[in-house]
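The structure that follows is given in the form of structure tokens.
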Amino acid sequence: MKEIVIAILLLIVGFVLLIKGADFFVSGSSSVAKLLKVPSMIIGLTIVAMGTSLPECAVSVTASITNNNSLAVSNVIGSNMFNLMAVCGACALFTPLVVKANTLKKEFPFSVLCAALLLIFGSLGATLGRVDGIILLALFALYLFWMIMSAKKARKNASDSDSEDYEILPVWKCLLFIVGGIVAIKFGGDFVVDGAVTIAEKAGLSQTLIGLTIVAMGTSLPEFVTSIVAAKKNEVDMALGNVIGSNIFNILLILGIASTISPIAFIKENMVDIIVLIAFSIIVWIFAWTKKTLRRSEGIAMLILFITYMVYIAIR
């Protein structure tokens, strides 16, 4: 009983460190981006997406290093589901999310492609090996290059009003926030993995179940908070960019690093979850493509689908 209590406390402290660490990292990184006059959609797809994905990265990489690979892959899949269905769905309740043509034709299908690639790798050998991880990291590098080129192009057309959307911090504070955020995220990831594994073992729960639910939702809280705040401020580009960018980062960067460190074995449940993730992605893509907007009705449908699948995970 004492170990369970300590594990729960570790989990809570870890989540607090992850969330606040990501918050500081995003604030510092966004200020640097603003000084370079990078527009909000690019910031959402890169700086903010990377910052809010750091908790997932910390948890999955730590899990891989400690050979808790089921937690590594289920955390990423669960986080992507939560980002897409719960975060976007909740944002649509506050304000209609207008989806730009560029997002529909490029970023959205690329995120679906990343999930499909993960399914293919898992189907071929039931393992995400080091070669697969290197391929994912190479694709991430290409994605980052594409975003940098897009940022340079957008910078030429950036208006002065872009710099008014967010508070610009002094350079010294940017560095402090970035370094402090990374340190908090590192230790937060350690605490979350240790706590989650202990709870799973003591309660007789699988690492896959813990990763898809408690850990995935906990590490996705930065995306949730960032996107909700952005939606309430009518920064729908930032809200959507954060979610789509985070999902791409989670698969390419996080699983790329984790599988390069230690090959990840896929179990039957992992494959089912990836198929459902692809199905959810296509459904949201169709919603967005049909009306070019995610409205409250679509948001409610997305939340219902997410809750239904969470119930299925709990009872399977």
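The values are calculated or read from the model by the stated rules, or taken from the named source; none is laboratory data. Remember, it's a predicted structure, so these values are computed and weren't measured experimentally. FYI the Cβ positions are ideal-geometry reconstructions off the backbone, even for glycines, and counts take in every protein chain you see. Ligands, DNA and RNA are excluded from the accessible area calculation, which covers all protein heavy atoms including side chains. Shrake-Rupley method; radii C 1.70, N 1.55, O 1.52, S 1.80 Å.
When you go through (1) modelled with pLDDT of 75 or more; (2) open to solvent by less than 30 Å² (accessible area, probe 1.4 Å) one by one for Pro55, which number turns out not to apply?
(1)
Here is a further query. Of all residues being more than 16 Å from Phe110 (Cβ to Cβ) and in a helix (DSSP H, G or I) in the stretch 287-298, which is least open to solvent (accessible area, probe 1.4 Å)? Just the residue, please.
Just the residues of the stretch 287-298 that are more than 16 Å from Phe110 (Cβ to Cβ), to begin with: 287, 290-298.
Now restrict to residues that are in a helix (DSSP H, G or I): 287, 290-291, 296-298.
On the way: Phe287: 57, Thr290: 100, Lys291: 95, Arg296: 141, Ser297: 71, Glu298: 13 Å².
Going through the qualifying residues, I end up with Glu298.
Which condition does Leu137 not pass, out of (1) among the aliphatic types (A, V, I, L, M); (2) under 26 Å from Ile307 (Cα atoms); (3) modelled with pLDDT of 85 or more, if it passes all the others?
The number of the failed condition is (2).
Rundown of residues vs (1) at pLDDT 85 or above; (2) open to solvent by 20 Å² or more (accessible area, probe 1.4 Å); (3) outside any helix (DSSP H, G or I), yes/no style:
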position	(1), (2), (3)
Ile244	no, no, no
Ile278	yes, yes, no
Trp285	yes, yes, no
Phe306	yes, no, no
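Taking only pairs six or more apart or across chains, which ones have beta-carbon atoms under 8 Å, a first residue in the stretch 261-274 that is touching a residue at least 12 places away in the same chain (Cβ under 8 Å) and of a type in the set (D, E, K, R), and a second residue that is assigned to a loop (DSSP other than H, G, I, E, B) and crowded, with 23+ Cβ neighbours inside 10 Å?
none
Name the pairs: first residue in the stretch 84-110 and closer than 17 Å to Ser150 by Cβ, second residue in a helix (DSSP H, G or I) and open to solvent by 60 Å² or more (accessible area, probe 1.4 Å), Cβ to Cβ under 7 Å, at least 6 apart or on different chains?
Leu104/Trp289; Phe108/Trp285
Do we have Ser40 as open to solvent by 10 Å² or more (accessible area, probe 1.4 Å), at pLDDT below 70, more than 20 Å from Phe82 (Cβ to Cβ) and in contact with a Gly (Cβ under 9 Å, 6 or more places away or on another chain) here?
Values: open to solvent by 10 Å² or more (accessible area, probe 1.4 Å): yes; at pLDDT below 70: yes; more than 20 Å from Phe82 (Cβ to Cβ): yes; in contact with a Gly (Cβ under 9 Å, 6 or more places away or on another chain): yes.
In short, yes.
Would you mention how many residues in the stretch 275-299 are touching a residue at least 60 places away in the same chain (Cβ under 8 Å) and either within 30 Å of Thr66 (Cα to Cα) or out of contact with any helix residue (DSSP H, G or I) (no Cβ under 7 Å at 6 or more places or on another chain) (or both)?
Summing the residues that are touching a residue at least 60 places away in the same chain (Cβ under 8 Å) and either within 30 Å of Thr66 (Cα to Cα) or out of contact with any helix residue (DSSP H, G or I) (no Cβ under 7 Å at 6 or more places or on another chain) (or both) in the stretch 275-299 gives 6.
(1) closer than 16 Å to Ser246 by Cα; (2) surrounded by fewer than 16 Cβ atoms within 10 Å (Cβ to Cβ): which one isn't true of Cys88, the others all being true?
(2)
Something else: Return the pairs, sorted by first residue and then second, in which the second residue is open to solvent by 30 Å² or more (accessible area, probe 1.4 Å) and outside any helix (DSSP H, G or I), the first residue lies in the stretch 128-141 and is within 20 Å of Asn67 (Cα to Cα), the beta carbons are less than 9 Å apart, and the residues are 6+ apart or on different chains.
Sorted first by the residue in the stretch 128-141, then by its partner, the pairs are Leu128/Pro263; Leu128/Ala265; Gly129/Pro263; Arg130/Pro263; Asp132/Pro263; Gly133/Pro263.
Next up: Restricting to the stretch 94-110, name every residue that is under 19 Å from Leu277 (Cβ atoms) and open to solvent by 20 Å² or more (accessible area, probe 1.4 Å).
Across the stretch 94-110, the qualifying residues are Pro109, Phe110.
A further question follows. Residues in the stretch 246-271 that are crowded, with 24+ Cβ neighbours inside 10 Å and aromatic (Phe, Trp, Tyr): how many?
Counting residues in the stretch 246-271 that are crowded, with 24+ Cβ neighbours inside 10 Å and aromatic (Phe, Trp, Tyr) gives 1.
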